[in-house]
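A quick write-up on the structure given underneath.
The values are calculated or read from the model by the stated rules, or taken from the named source; none is laboratory data. Since the structure is predicted, the reported quantities are computational estimates derived from the model, not experimental observations. Backbone-built Cβ (ideal geometry, glycine too); neighbour counts: all protein chains shown.
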Amino acid sequence: MILLTGGAGFIGSCLLRKLNDEGIKDIIVSDNLSKEDKWKNLRGKIFHTYVDKNELFDFLENNGVDDIEAIIHLGACSDTTEKDANYLLKNNYQFSQHLASIAFENDIRFIFASSAATYGDGSNGYSDRIFHNLKPLNCYGFSKHIFDLWIIENKLDTNCVGFKFFNVFGPNEYHKGNMASMVFKSFNQISDTGRVKLFKSYKQEFANGEQKRDFVYVKDCVDIIYKTIDNKEINGIFNLGTGTANSWNTLIKAVFSAMGRHPIIEYIDMPDNLKYQYQYFTVADINKLLEYFPNYEFTQLEDAVADYVQNYLLADDIYL
């Protein structure tokens with residue numbers, strides 16, 4: 001039995017699809033379905049039962065954990081603009097501590113989601129071998145960072161796997177609103193107006209639209225997560241990106257190309273509340289990950305965007 005939190009979410013539901021495709025159906029899915037249409041990510045997938053996130057610990061206490069072989073904890077509030085620090089720490093830190101403690105006390109494989117937001121502006125680099133001296137730019141990143149530190153300081157990283165996700169995009173992210181990827185947002189902008197709006201740059205070293213991110217396809221993410229479930233020799237907290245940074249301009253032009261459109265990009269002012277927490281450049285140092293996956297080939301950006309746009313966003317059934 002696998003317990004999958006965030007199983008109706010973006011990465012979680014894609015992992016659920018992967019597990020089903022691999023013949024795994026004995027799964028407890030836990031999530032919060034209060035967001036409109038999030039439940040649609042669960043359609044067509046097979047699992048043992050669904051448990052509301054707020055009832056999960058009571059469920060585990062009443063039913064026991066003897067049958068659970070792995071806990072994959074992907075559930076979190078991932079809104080980088082959320083200002084309620086108490087909510088974020090309770091949801092992303094304390095909840096995660098409680099769930100991890102259950103796993104470690106019962107010798108259950110524990111896999112969890114961290115975030116590249118822990119690196120802040122990147123002034124201390126993007127190495128997943130360094131955990132102290134990081135200064136996240138928002139409380140979401142901070143909530144993920146202090147859970148990473150709790151794992152490290154208690155020497156639990158030798159017996160679990162964490163992934164610092166970089167800019168993940170792909171099918172089943174439709175419920176995320178402002179937190180959805182720019183691939184999804186730009187597809188909608190192009191469909192509605194024929195053009196895409198990007199934030200201007202406020203640093204001389206970056207031209208407009210040349211701010212860069214490490215964009216990684218969700219299918220690659222769930223493939224790597226799946227490979228770590230049964231392989232208990234893989235432990236630690238790893239960056240999960242491609243190791244390559246691409247500009248927003250490159251990304252958006254790939255969307256236009258996948259839609260068979262000529263690129264038209266308009267650069268607009270950035271809201272004041274984002275100017276001081278904006279990352280101009282991120283790229284995953286994946287050397288530690290490659291020690292365990294030396295031959296893994298991430299999907300090229302243009303190919304991933306084309307697959308997402310043509311086989312999902314433009315298809316009759318947009319869900320994976």
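Observations on the model:
Residue-by-condition table, conditions (1) in contact with a Ser or Thr (Cβ under 8 Å, 6 or more places away or on another chain); (2) assigned by TED's automatic domain parsing to the domain that holds Phe131:
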residue: Asn208; (1), (2): yes, no
residue: Val222; (1), (2): no, yes
residue: Ile225; (1), (2): no, yes
residue: Thr228; (1), (2): no, yes
residue: Ile234; (1), (2): yes, yes
residue: Ile237; (1), (2): yes, yes
residue: Asn249; (1), (2): no, no
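- Pairs where the first residue, in region 95-109, is modelled with pLDDT of 95 or more and the second is basic (Lys, Arg) and part of a loop (DSSP other than H, G, I, E, B), C-beta under 9 Å, 6+ apart: Arg109/Lys232
For every residue, the table says whether it meets (1) charged (D, E, K, R); (2) part of a loop (DSSP other than H, G, I, E, B).
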position: Asp121; (1), (2): yes, yes
position: Gly125; (1), (2): no, yes
position: Phe131; (1), (2): no, yes
position: Leu134; (1), (2): no, yes
position: Ile146; (1), (2): no, no
position: Ile152; (1), (2): no, no
position: Phe184; (1), (2): no, no
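- Number of positions in region 131-150 that are under 22 Å from Val216 (Cβ atoms) and not hydroxyl-bearing (Ser, Thr, Tyr): 10
- Scope region 190-211; condition surrounded by fewer than 20 Cβ atoms within 10 Å (Cβ to Cβ) and within 14 Å of Met259 (Cβ to Cβ); matching residues: Ser191, Asp192, Thr193, Gly194, Arg195
- Qualifying residue in region 276-289 (condition: touching a Phe, Trp or Tyr at 6+ places or on another chain (Cβ under 9 Å), in a helix (DSSP H, G or I) and at pLDDT 95 or above): yes
- Any hit, region 157-180, residues being over 30 Å from Ile102 (Cα atoms), over 21 Å from the mean Cα position of the chain (by Cα) and surrounded by 23 or more Cβ atoms within 10 Å (Cβ to Cβ): no
- Qualifying positions in region 12-37 - over 21 Å from Phe163 (Cα atoms) and hydroxyl-bearing (Ser, Thr, Tyr): Ser34
- Residue selected from region 212-226 under the condition within 12 Å of Ala113 (Cβ to Cβ) and within 11 Å of the chain's Cα centre (by Cα), by the criterion surrounded by the most Cβ atoms within 10 Å (Cβ to Cβ): Cys221
- Residues (farther than 28 Å from Asp107 by Cβ and part of a helix (DSSP H, G or I)) located in region 18-41: Lys38, Trp39, Lys40, Asn41
- Condition check for Leu19: under 19 Å from the mean Cα position of the chain (by Cα) and within 17 Å of Leu320 (Cα to Cα): yes
- Failed item, numbered, when Tyr50 is tested on (1) farther than 19 Å from Phe163 by Cα; (2) among the aromatic types (Phe, Trp, Tyr); (3) in a helix (DSSP H, G or I): (3)
- When residues in region 53-94 are screened for being of a type in the set (Ser, Thr, Tyr) and part of a helix (DSSP H, G or I), 2 of them pass.
- If the condition is being among the small types (Gly, Ala, Ser) and farther than 19 Å from Ser78 by Cα, then region 25-47 contributes only Gly44.
- Taking each residue of region 176-199 that is in the same structural domain as Phe10 (by TED's automatic domain parsing) and without any contact (Cβ under 8 Å) to a residue 24 or more places away in the chain and looking for partners that are in a helix (DSSP H, G or I) and surrounded by fewer than 17 Cβ atoms within 10 Å (Cβ to Cβ) with beta-carbon atoms closer than 9 Å, six or more apart or interchain, yields nothing.
- Scan of region 212-248 for residues that are assigned to a helix (DSSP H, G or I) and either over 23 Å from Ala258 (Cα atoms) or of a type in the set (Val, Ile, Thr) (or both), ordered by number: Val218, Val222, Asp223, Ile224, Ile225, Tyr226, Lys227, Thr228, Ile229
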